[in-house]
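Remarks on the structure that follows.
Please treat every number below as a calculation from the coordinates, not as lab data. If you're wondering where the values come from, they're calculated on a predicted model, not measured in any experiment. Don't worry about glycine lacking a Cβ; one is built from the backbone with ideal geometry, like all the others, and counts go over all protein chains shown.
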Amino acid sequence: MARRARWERFVEIIRTIADMQRLSQGWRRAGQRVGCVPTMGALHEGHLSLVREARRRADRVVVTIFVNPTQFGPKEDFGKYPRPFECDCALCEQEGVDAVFAPEPAVMYAPDATTWVVEEKLSQPLCGERRPGHFRGVTTVVAKLFNAVLPDVAVFGQKDAQQVLVLQRMARDLNFPVEVVVAPIVREADGLAMSSRNVYLSEDERTRALAISRGLEQARQAYAAGERRAERLCAPLRAAIGTACGRVDYVELRSRETLELLTTVDHPAVLAVAAFFGATRLIDNIFLD
Ligand code: AMP
């Protein structure tokens, strides 16, 4: 028998939807709560914090690793997205994950699939406007992952604040019996929000990209000092990114319930930013209450 790699010994790798459903149904029959952490792999501390949150809320934790082709635009980085699968499985094993669900694209999508899940409001602005079709891919794949993993609870990061709002709306509107939980953003020591895409940054780009988290922190301080006007919170962040030779995709203050644009922070808000450093598009945000 071939020797198995170390990470293969403990964490179970599931490749088909039927196997995933069987495993989860067994747990559920035994009265165990199932938690799910959907990811595209290239796991970092941000993902692992979601795993720990899922562990607190469930008896079994499934991490899904699937680089979902339908959420990438034709000119985006699907082909070059990092896929360090063995390393990811080792991290899952260390975290005590019960199963990794890692289907091939052909397992997830029939070649003649014609059914999509579309959320029509919260998915419109911000990344929805800049990445046409992105959220249709996200809602469709997460609905399919929910049908495979059959979780009681699924944990997503505030890093993708719009995504989690869209998914909470989807779960509510389509009656998925899944609690969609949001966990805080995990940052590098210098403030950069952790992201699988940070590996694309050159050293120089990475240093300049700190303008995003520093600008957000300045906005947070201005807010704490009493500033409520959207433009006064957004403009310095835009300027900081420009000064660092980044290209702003958007810097917007929006309602955290409806994602409508706000001119003043008069109810829970998100200050959301997307910016390019070199060819790499980074997103980040802070909540203002
Ligand atoms: P991804 O693999 O980038 O699709 O992300 C999978 C999940 O991890 C999503 O729910 C993200 O919001 C979350 N995530 C990504 N980066 C971070 C981070 N720095 N802190 C917390 N959660 C994150």
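Each residue of region 277-289 is assigned a 3J(HN,Hα), and the resulting list reads 10, x, 8, 8, 9, 10, 10, 6, 6, 10, 8, 10, 10 Hz, derived from the Karplus form 6.51 cos²θ - 1.76 cosθ + 1.60 (θ = phi - 60°), x at Gly and Pro. If you plug the beta carbon distance of ARG28 and ASP266 into 1/(1 + (r/R0)^6) with R0 = 41 Å, you get a FRET efficiency near 0.40. Label reach from ASN147 (point 7 Å along Cα→C-beta): in region 90-110, amide nitrogens under 20 Å belong to 101-110.
So what is the relative contact order for region 245-289, in percent, with contacts set as C-alpha pairs under 8 Å and at least six apart? Answer for region 245-289 is 39 percent. Size of region 196-288 from its Cα atoms: along the principal axes, largest to smallest, the extents are 39, 25, 16 Å. What translational D, rounded to a whole number of µm²/s, comes out for region 137-190 from Stokes-Einstein when the hydrodynamic radius is the Kirkwood one over Cα pairs, at 25 °C and 0.890 mPa s? Translational diffusion coefficient: 210 µm²/s.
In terms of surrounding Cβ atoms within a 10 Å radius of their Cβ, LEU150, LEU237 rank from fewest to most as LEU150, LEU237. Non-local amide H neighbours of THR264 (under 5 Å, H modeled in plane, Pro and chain starts lacking H): which ones? It is ALA230, by chain and number.
Ordered by the count of other Cβ atoms within 10 Å of each Cβ, fewest first, HIS267, HIS134, HIS44 give HIS267, HIS44, HIS134. When the alpha-carbon atoms of the chain are used, the pair Rg, Dmax equals 19.4, 67 angstrom. For a quick check, take a GNM of the chain with Cα springs below 10 Å and name the residue from THR70, THR140, THR258 with the largest mean-square fluctuation. So, out of THR70, THR140, THR258, the one fluctuating most is THR258. For the chain, find the longest principal axis of its Cα atoms and tell me its angle to the long axis of helix 45-57, 0 to 90°, nearest 10. Tilt relative to the chain: about 60 degrees. Cβ crowding within 10 Å ranks ASP152, ASP289 as ASP289, ASP152, fewest other Cβ atoms first. The magnitude of the dipole of the chain, with charges of +1 and -1 set on the Cβ of Lys/Arg and Asp/Glu and taken from the Cα centre, is near 260 debye. Dividing the mean sequence gap of close Cα pairs (under 8 Å, 6+ apart) by how many residues region 112-170 holds gives a relative contact order of 43 percent. Summarised in one figure, the compactness ratio Rg/Rh of region 1-122, Cα atoms and Kirkwood Rh, is 0.98. Around the Cα centre of region 88-202, unit charges on the Cβ atoms of Lys, Arg, Asp and Glu (plus for the first two, minus for the last two) sum to a dipole of about 500 debye.
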